[in-house]
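**Q** Sending over a structure as structure tokens; questions will come in a sec.
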Amino acid sequence: MTSRKYFAHYCLVFVFLAVLVNGGCSRGKFRSALFAGSSAEKMENVAGAEKQSSKDPLVGDANAGPESCLIQEPTPKGRKKTNIEIRYSLEDLTGYSLEEAAMLLTPNPGSETFPSAAGPVPWDLEGLDKQIAFAEYVAIRLQRDDAFAKRYGLDPDRFSDSDVRPFVTRIALMFLGAAASEDLIESLFGEYDLEAPARKESFYRGVRASVFRLILDPHFLYEVETAEGRDAFWTARRLALVIWRSVPDRELLLKAASGAFESQDGMVSEIRRMIASPKSKRAFQSFVREWLAVDTLSNSQRSLEKYANFSSELLKEMETDYVSRVMETLYKQKGKASDLLKSEMTNAPQNLQGILGGERQSMTHVAEPSSLRKGILAHPALATLTSVGDEPNAVKRATYTLKRFLCIDLPPPPGGANVFKALDLGPSPTTRERFDVHSTNPSCASCHSVLDGVGLAMEQYDALGYFRSKYDSGREIDPSGSLAAYGKTISFSGVDELQTQLHSQLRDSIDRCLTRHIVEHSFRSTSSDVSKCEVDAIHDRASKGGIEDMLIQALLTPGFWAR
Amino acid sequence: MAMIRRMPRGIRVLFAMIPFYCLIFSSEALSFESRPWPTRPTDTDLSAIENWSEPLLPQDLESLPVLPSPRAAAKPPQKPIMKSFNGTYHFYGLAAGDNPPAGFNNQGVAFSLFEFSLPGMVSILRCFDPLRSRHFIAAQKCDGNLAIEGKVLGFAWLDRQEDSKPLLQCYDQNSDNLLTTVAESDCEAPGLRGTQAIGYL
């Protein structure tokens, strides 16, 4: 009898305290607490419960959050940082621009294509060789730089021996985001021979050895992931890599150590602080450059017979103007991707004004119907990027537009796709006549039925973005076309109408596409690895805000931390 | 003890169960990750950065100064090299204790060399050609294994650095004289040719 009473008390108290300790009667939490299953299920239930209890308006109480999407168990993995991440990290750590020094690094295959962060970045011997040369370059230049030493709290003109250890510890902690072991710090400290006759020279040698060693440390070169290595500092390093593409600053490390990430409010507050930093703008700008593939613009070649004003300065102006217009709309005005289709091209730099103003008038080039060119798809940079030599390439233009703005990524053409070359199309066939061949071949038609309309609409911009009404052969350009995507069919004639139709009919798909790119970029995943469920959930929650809210939503998602 | 005995039996039982409650709530059965991101603290000692104020970066990160070259960072002192002329050949020497032979007239400071060497630097020497009885300046070794005359005059960068000027040498085909200078215009005079940089200052 007594034992029964004890058992009853035991059960009652157990249930009561289980509810009390877990902070309320949230069904998901309680279920989690009592029936803890797989990690993924735990994340789903717990995050769902957080959603209910959070005070942050961003988190909201939407029924279908990204937590309800199927996610995988966290798996330990590593990733070599991209060159841009290594460069930005060192810029933040030293206060110097490393644009020139970064030329020493081998171009990363992963950063040549968009999205750059997808998948592991390969590490080869040639890359290692370059990495060592880069580390040496930076170390030699910093060794005698008193400003660098002072940055980390030591004045080489007057320092006591007791100043050196904190200095070494500081640079090790900051370079490696608090992942520096005591053994490592001790070995770095061993490089400083303070009893040498030339004490200052000896200190400089120590700086050189430390910097060289830290730049080649796996924790600096890699996003290191081990199951046991996932702690609060790992969280800080991951946040810094995504928001800044760099290493954590002092404040972020101290916040991690103080337990600021224990609460969601603390996490959101820290993310907001990081987003407010200029480092976040720099990181987003580098994302935009990769998204729009502007780095390939400088490789463009045109014949001076046809384009007398073609120069590297013109390409540079195009590139800068293209990126800054996107940054203005998305970052400064907190607009959406679809807003880019409406942005006006005012205040263009001098060299671009000639192109936008239609100054190249001839038999084939005429003044543009609209007095002011509008929309990102009409930017001369896009026309230039998607041309080969002096010839515009309608297929390139369509694939570029569909992939980057509508997330329609078509497979590469099958072998022998240039079938029209074998056909007799007569002298100087128009692009439309060549495209007509696609409808006769089913293997071509599957992709070209999507591509051709968009490509033809952009035919009125030549290989440098001047407006034209005729081909060089003198034949008229017919810019009409149609596009069937996401259950809608739109018809248009020319880029202006294409953008208007996209904005009115497919605006939501375009906005979701940018969310997908940002999520893939943040998650370091390929498009096949991020589910529509996750993208939609993040997009819906952040739909009232701009990039900042989208990033916060992505970073609060269990799926982000599971990758 | 008396106070505990006066308590209702139910309360006493609850107190008696306290060790079990502690055992239960510290068990794995009820523990779970409260956040999707890791928050596990570590014992990493951050005291070195706690009392240090990290310098702020400028708002415009594109305006960061360029990583200084070793030359700019090291700022090695320089020493003047004097130039003398005997009507045919030049003689370059240190300002003190390195007087020119008889018949040479001092023409003032020609250029300045670094006093000590850093990685990437080359030594600048004065050489003597006994066949022509001429003195000339060369980097590392005297051309054609001619005698090194005197000490190393100083050092110069082997490769071009930021803000550096080339130390030029040109040949006077009329007099066989080798002129060393940092002024490009000096080597553009009539009869001078074969201008080359023997180092950078």
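**Q** Those residues that are within 32 Å of the chain's Cα centre (by Cα), of a type in the set (A, V, I, L, M, F, W, C) and buried (at least 23 other Cβ atoms within 10 Å of the Cβ), I need them from the range A:139-174; list them, please.
**A** Selection gives A:LEU142, A:PHE148, A:ILE171, A:ALA172, A:LEU173, A:MET174.
**Q** Can you tell me which residue among A:LEU406, A:LEU385, A:LEU410 is closer than 30 Å to A:ASN351 by Cβ and either buried (at least 18 other Cβ atoms within 10 Å of the Cβ) or not hydroxyl-bearing (Ser, Thr, Tyr) (or both)?
**A** Only one candidate qualifies: A:LEU385.
One line per residue, one yes/no per condition, for (1) in a helix (DSSP H, G or I); (2) farther than 20 Å from A:LEU382 by Cα; (3) within 28 Å of the chain's Cα centre (by Cα); (4) at pLDDT below 95:
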position: A:LEU451; (1), (2), (3), (4): yes, no, yes, yes
position: A:GLY455; (1), (2), (3), (4): yes, no, yes, no
position: A:PHE492; (1), (2), (3), (4): no, no, no, no
position: A:LEU502; (1), (2), (3), (4): yes, no, yes, no
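**Q** Given (1) surrounded by fewer than 20 Cβ atoms within 10 Å (Cβ to Cβ); (2) hydrophobic (A, V, I, L, M, F, W, C); (3) within 30 Å of A:GLN301 (Cα to Cα), where does A:CYS447 come up short, assuming only one miss?
**A** Every condition holds for A:CYS447 apart from (1).
**Q** Same structure again: Do we have any residue at all in the range B:157-179 that's part of a strand (DSSP E or B), surrounded by fewer than 12 Cβ atoms within 10 Å (Cβ to Cβ) and polar (S, T, N, Q)?
**A** no
**Q** Could you list, ordered by first residue, the pairs with Cβ atoms under 8 Å in which the first is in the range A:303-314 and part of a helix (DSSP H, G or I) and charged (D, E, K, R) and the second is at pLDDT below 90 and surrounded by 14 or more Cβ atoms within 10 Å (Cβ to Cβ), at least 6 apart or interchain?
**A** The qualifying pairs are A:GLU313/A:ASN351.
**Q** Just need a number here: residues in the range B:63-115 that are touching a residue at least 40 places away in the same chain (Cβ under 8 Å), among the aliphatic types (A, V, I, L, M) and within 13 Å of chain A (Cβ to nearest Cβ).
**A** Adding up the residues that qualify gives 3.
**Q** Between a first residue in the range A:432-461 that is within 16 Å of A:PRO392 (Cβ to Cβ) and a second residue that is among the acidic types (Asp, Glu) and part of a helix (DSSP H, G or I), which pairs have beta carbons less than 7 Å apart while being 6 or more apart in sequence or on different chains?
**A** From residues that are within 16 Å of A:PRO392 (Cβ to Cβ), the pairs are A:PHE435/A:ASP452.
**Q** Now a separate question. Residues that are modelled with pLDDT under 75 and surrounded by 10 or more Cβ atoms within 10 Å (Cβ to Cβ), at least 3 per element: which helices (runs of 4 or more DSSP H) completely within the range B:1-114 meet that?
**A** Of the helices (runs of 4 or more DSSP H) lying wholly inside the range B:1-114, those with at least 3 residues that are modelled with pLDDT under 75 and surrounded by 10 or more Cβ atoms within 10 Å (Cβ to Cβ) span B:9-16, B:18-25, B:70-74.
**Q** Among the residues of the range A:239-253, is any touching a strand residue (DSSP E or B) at 6+ places or on another chain (Cβ under 9 Å) and crowded, with 17+ Cβ neighbours inside 10 Å?
**A** Yes.
**Q** Which ones in the range A:175-191 are crowded, with 17+ Cβ neighbours inside 10 Å and among the charged types (D, E, K, R)?
**A** Of everything in the range A:175-191, just one residue is crowded, with 17+ Cβ neighbours inside 10 Å and among the charged types (D, E, K, R), namely A:GLU191.
**Q** Considering only residues that are touching a Lys or Arg at 6+ places or on another chain (Cβ under 8 Å) and either of a type in the set (Lys, Arg) or modelled with pLDDT of 90 or more (or both), which ones fall in the range B:155-170?
**A** Passing the criteria: B:PRO166, B:CYS170.
**Q** Looking only at residues in the range A:277-305 that are closer than 21 Å to A:LEU406 by Cα and aliphatic (A, V, I, L, M), which one is farthest from the other protein chains (Cβ to nearest Cβ)?
**A** A:ALA293
**Q** Considering only residues that are surrounded by fewer than 16 Cβ atoms within 10 Å (Cβ to Cβ) and more than 28 Å from A:GLU290 (Cα to Cα), which ones fall in the range A:320-365?
**A** Within the range A:320-365, A:GLU359, A:GLN361, A:SER362, A:MET363 qualify.
**Q** Now for a separate question. Tell me the residue from A:GLU201, A:GLU191, A:GLU182 that is within 14 Å of chain B (Cβ to nearest Cβ) and modelled with pLDDT of 90 or more, please.
**A** A:GLU182
**Q** Within the range A:247-270, track down each residue that is more than 13 Å from B:ARG35 (Cβ to Cβ) and either at the interface with chain B (Cβ under 10 Å from one of its Cβ atoms) or among the aliphatic types (A, V, I, L, M) (or both).
**A** Within the range A:247-270, A:VAL247, A:ASP249, A:ARG250, A:GLU251, A:LEU252, A:LEU253, A:LEU254, A:ALA257, A:SER258 qualify.
**Q** Quick check, is A:ALA196 farther than 21 Å from A:ARG144 by Cα and assigned to a loop (DSSP other than H, G, I, E, B)?
**A** Judged against the criteria, A:ALA196 is not a match.
The values are calculated or read from the model by the stated rules, or taken from the named source; none is laboratory data. Not measured: the values here are computed from a predicted model. Cβ coordinates were reconstructed from backbone atoms using ideal geometry, including for glycine residues, and neighbour counts include every protein chain displayed.
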